[in-house]
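Engineer: Before anything else, here's the structure in question.
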Amino acid sequence: MLLPSKERFTPDNAGAIAGVVRDLAIASATPDIFHIYGTAVENAFSDVNFTGLKPEHSLFRGQNIRFANAYLKHIAATTMPDIVEVHSRCHVAGYLARKNKNLNIVLYLHNDPRTMKGAKTIAERRFLLDHMAAVICISNYIRDCFLDGIGDKHPKAHIVGVARNGTNRWIQKQPKKEPFILLAGRMVPEKGILECAEAIAQVLPNFPEWRLIIAGARRFEQAKRGSYEDKVATVIAPLGSRAEMLGFIPIKDMQKLQARAAIAACPSLWNEPISKVVLESLAAGCALITTRRGGIPEVAEGRALLVDDPNIITFSNAFKTLLDDDNMRQSLQHKAWRDFPFTAQQMAQDADALRLLALLRES
C-alpha cells in the first residue's frame, strides 16, 4: 500500500487517508500480508508493517513521483509484490504502470479523480482503467466520478468497485451524552465550519445550558492559527466561555469528545467523497447534522438530519430543530447507535474481495 507522500503515518499526525489505510490492514482477515509504504517518519504506527522511504532529491520530479521512484528502487532490491495499491494519487498509479508493466496495480480512490493530477480528463481515466488491475472507490459517488464520461458499458467498468469507508466503534455501549455541540473537521472553506459556527452562534443564546466545542485545524498537526480559524474564532466570540476552539487534537482525544457530544455537525459545502467525521459521529451515537453532498447520504440517510441547501439560515434551522426537540434528538442518537453497518471490518472485507478478484483476473 503506497500512501501519498504528504501523509504522516503516526498516531499524532495521521491524516484521513493514513487512518483508513491502517484500518484496512488491521481489520483485514489477513493483516500480516499487507505492507504500507510512506514518507519516513519517527514514531510510526507500530501495529502494522510499515516502511518509511526517503525519496531522492530531484529538480524535475514532484514529491510523489520521487516517492514512487524510491518504491521502485526498493522492490528491485527485494521482491515483487502481488499487488501494488496506490492510494489517492492517480498520476503515481499511471507512472508506475508505464515504468513497470509487470506490476499489478490497484488504484484506491479517496477523492474525486476528476480533480486529481493524472485523472482530470476522460482520456486519462480511460488509460487508468485500461492499465489497472482494479480501481477501488470509497463510495458510489466516487465510482460515478471515475466513470464520468466513460460509463458502465465500458468493457472494463466492472473492475471499478466500491469498498465504502468504515470505522471502528471504540466504545462498547451507548454512551451517556452531554449538552454540547461538537463541530469537528479541517479548517478549510469547503468544510463549512465558518457558516456552521455562525449559525450556532445565532442559535445558542436561546439555549443557555448548551455549549459549543470546535476541534480541528487546517492541517493534521499543531500549528499557528490561520486566517480562516481567526474568522471562526471571531464569529463564536460572543458566546464567551460557552464556546471553545481546541485546534488540532489527536484521534483518541477526538473520539472522547465524540462519545460525549449530544449533537455533532459535519457541515460540508462541497461534494464530500464520504466523510470520516460523519462515520465517527454515527459510530459514537451522536445526533448528527450534515449535508446532502457527494457520498454523505450513502451513510447518513435515515440516520442523521440532512441539510439540502447548506447555508447559515438552513444550518440555524437544523440546530433549532434538534435543540428544541428532545425526542427527535434522542431518536437520532438511538438510530445512529443501533443501525451502524459501516465498520472497518466490513470495509476491509469489501476491499479484500476486490483485491482477490483483481488477482484472479490477472493470473
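Engineer: Going through Glu298, Glu272 one at a time, which residue ends up being in contact with a Lys or Arg (Cβ under 8 Å, 6 or more places away or on another chain), of a type in the set (D, E, K, R), within 23 Å of Tyr108 (Cα to Cα) and in a loop (DSSP other than H, G, I, E, B)? Talk me through it step by step, then tell me what you get.
Structural biologist: Details: Glu298 fails: in a loop (DSSP other than H, G, I, E, B).
Going through Glu298, Glu272 in turn, just one is in contact with a Lys or Arg (Cβ under 8 Å, 6 or more places away or on another chain), of a type in the set (D, E, K, R), within 23 Å of Tyr108 (Cα to Cα) and in a loop (DSSP other than H, G, I, E, B): Glu272.
Engineer: Which condition number in (1) among the aliphatic types (A, V, I, L, M); (2) closer than 16 Å to Arg355 by Cα; (3) surrounded by fewer than 18 Cβ atoms within 10 Å (Cβ to Cβ) is the one that Ile122 fails?
Structural biologist: It is condition (2) that Ile122 fails.
Engineer: Among the residues of segment 203-215, is any in contact (Cβ under 8 Å) with a residue 12 or more places away in the chain, farther than 27 Å from Ala14 by Cβ, touching an Asp or Glu at 6+ places or on another chain (Cβ under 8 Å) and not in a strand (DSSP E or B)?
Structural biologist: No, segment 203-215 has no match at all.
Engineer: Taking segment 119-161 on its own, how many of its residues are of a type outside the set (A, V, I, L, M), in contact with a Leu (Cβ under 8 Å, 6 or more places away or on another chain) and part of a loop (DSSP other than H, G, I, E, B)?
Structural biologist: Result for segment 119-161: 2.
Engineer: Considering Arg225, Arg164, Arg218, which residue is under 22 Å from Val20 (Cβ atoms), at pLDDT below 95 and part of a loop (DSSP other than H, G, I, E, B)? Can you show your working first?
Structural biologist: Details: Arg225 fails: under 22 Å from Val20 (Cβ atoms); Arg164 fails: at pLDDT below 95.
Checking each option against the conditions leaves just Arg218.
Engineer: Sticking with this one: Of all residues in segment 244-259 being in contact with an Asp or Glu (Cβ under 8 Å, 6 or more places away or on another chain) and under 22 Å from Ala344 (Cβ atoms), which is surrounded by the most Cβ atoms within 10 Å (Cβ to Cβ)?
Structural biologist: Here the residue is Gln258.
Engineer: Would you confirm whether any residue within segment 298-321 is buried (at least 24 other Cβ atoms within 10 Å of the Cβ) and closer than 23 Å to Arg143 by Cα?
Structural biologist: Yes, the conditions are met somewhere in segment 298-321.
Engineer: Additional query: Quick one: would you say Ala25 is part of a helix (DSSP H, G or I) and surrounded by 16 or more Cβ atoms within 10 Å (Cβ to Cβ)?
Structural biologist: Values: part of a helix (DSSP H, G or I): yes; surrounded by 16 or more Cβ atoms within 10 Å (Cβ to Cβ): yes.
The answer is yes for Ala25.
Engineer: To continue, here is another question. Of the conditions (1) in the same structural domain as Met254 (by TED's automatic domain parsing); (2) buried (at least 21 other Cβ atoms within 10 Å of the Cβ); (3) on the phi < 0 side of the Ramachandran plot; (4) in contact with a Leu (Cβ under 8 Å, 6 or more places away or on another chain), Ile213 clears all except one; give me its number.
Structural biologist: The single condition Ile213 does not satisfy is (2).
The values are calculated or read from the model by the stated rules, or taken from the named source; none is laboratory data. Only a predicted model underlies this, so the values are computations on that prediction, with no experimental measurement involved. Every residue, glycine as well, gets a Cβ built from its backbone with ideal geometry; the counts of neighbours run over all protein chains shown.
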